[in-house]
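See structure below.
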Amino acid sequence: DRVELQITTANGPYDLSADYLVGADGGRSFVRKTVGIDFPGHTSPTVARLAHVHLPDCVRGADGGFDVPGVGPIPFGHNRFDRGMVIFAEFEAGRTMLGTMEFETPGDDGPMSLADLRASLRRVLGTDVPIEEPRGPGPHALRRIDGQNTRMARTYRHGRVLLLGDAAHVHSPLGGPGLNLGLQDTVNLGWKLAGQVLGWAPDGLLDSYESERRPVGERVMLHSMAQIALTAPGPEVGALRTLFAELLSLDEVAAHMAALLAGTDVVYDVGDDHPLSGRPVPPLTLADGRRVEELLHGGRPVLLDLSGGPVDVAGNWSDRVDTVCAAADEPPAAALLIRPDGCVAWAADDFGPQCVPALHA
């Protein structure tokens, strides 16, 4: 039971045999298509146009930003107007990224050009914007994206082939959740796959990659589509945005939305009922100045003993678990077993020999 691959390079093809194959090859994943995993979802009727441009002085504000006469300053980021969206980003002086998004049925109108972007800006803003060809060395972006896909692989695993990142799910980039989502997929899968390959993984550990990460991907798809809906044109959406802004002024709603956007509202089922278990380890600085995340740099689980012990309960796990005895001003628990992906697998408010059976279970 192996995965047999043929790799094509500039120097010719060669064969490779592997225990597992991870498809991390993007939204058009060759791996996903080759093994026959469906990619169902929805395509929103939008057209986005994006390009590097040069902005002349007549559309530069006093602070050097983007200021369109008759419209006013357009700040960094995504800006909704009654007839569409304008995207403005300038990460370095003289290298301006400008774009639009219009809600329309995508059409095949040939290669993207600056003239297309000018026409789109006029439709959205109601005035001409005198953008010019970009200056300085490239490469320069010049791209049209017809439709916004929101899709998820039917399964993240097909035998010895697994998917992560955009190969497993694609969605709107609004809010920028994709990078964290893909990195968290990677870290979640990485330590489980290592355990499988090295032979110490219990039954079902590798399958838990999908059972844990799919709900997170589904939540990202939910809020990214909601953000697309909130950028749509029309007075009805404007009224909804005003009401939504009022709701966000409530602390409870703001906390809920923050957890949703961060992905921390999903709690993994790790078989332990402590309030911290299944969640990301809370921010914590130890008495010696180390932050708790620094303990995970070795890529191994960490048993963090904050009880003032030490209590030797991880001796039989020393080949795969690091034990750290430390102190903290306000410890969240007496002990935490932290997975390599930063998730709490087990926690106890009272740590002593009586905890050993529960921990070893």
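No lab work stands behind these numbers, since they all come straight from the coordinates. Quick caveat: nothing in here was measured; it's all calculated off a predicted structure. Cβ placement follows ideal geometry from the backbone for every residue including glycine, while neighbour counts extend to all protein chains displayed.
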Treating only Lys and Arg (+1) and Asp and Glu (-1) as charged, each at its beta carbon, one finds that the chain has a dipole about its Cα centre, in Debye to the nearest 20, of 1140
Karplus-derived 3J(HN,Hα), 6.51/-1.76/1.60, for each residue of the range 134-140, Hz, glycine and proline x: x, 10, x, x, x, x, 10
So, relative contact order of the range 216-329 in percent, Cα under 8 Å, 6 or more apart, is 18
Once you place label points 7 Å from the Cα toward the Cβ at Leu16 and Asp265, how far apart are they in nm? 3.9
Under 9 Å, Cβ to Cβ, from Ala18 - net charge with Lys/Arg +1 and Asp/Glu -1: 0
Karplus ³J(HN,Hα) for the range 153-166 (6.51 cos²θ - 1.76 cosθ + 1.60, θ = phi - 60°; Hz, whole; x = Gly/Pro) runs 4, 4, 8, 8, 9, 10, x, 9, 10, 10, 10, 8, x, 5
In terms of the charge dipole of the chain, which places +1 on Lys and Arg and -1 on Asp and Glu at the beta carbon, the residue among Pro40, Gly342, Thr127 farthest towards the positive end is Thr127
For the range 1-122, what Kirkwood radius comes out of the mean inverse Cα-Cα distance, in Å? 18.6
Taking every Cα atom in the range 61-192, find the radius of gyration and the maximum pairwise distance Dmax, and write them in Å. 18.7, 59
Give the average over all directions of the projected area of the C-alpha convex hull of the range 122-255, one decimal, in nm². 13.8
Which value in deg cm²/dmol, rounded to the nearest 500, describes the helix-derived mean residue ellipticity at 222 nm for the chain, given -39,500 (n - 2.57) per DSSP H run of n ≥ 4 and division by the residue count? -8000 deg cm²/dmol
Once fully extended, how much extra length lies between Asp322 and Glu218, figured as 0.36 nm per residue of separation less the alpha-carbon to alpha-carbon distance? 34.1 nm
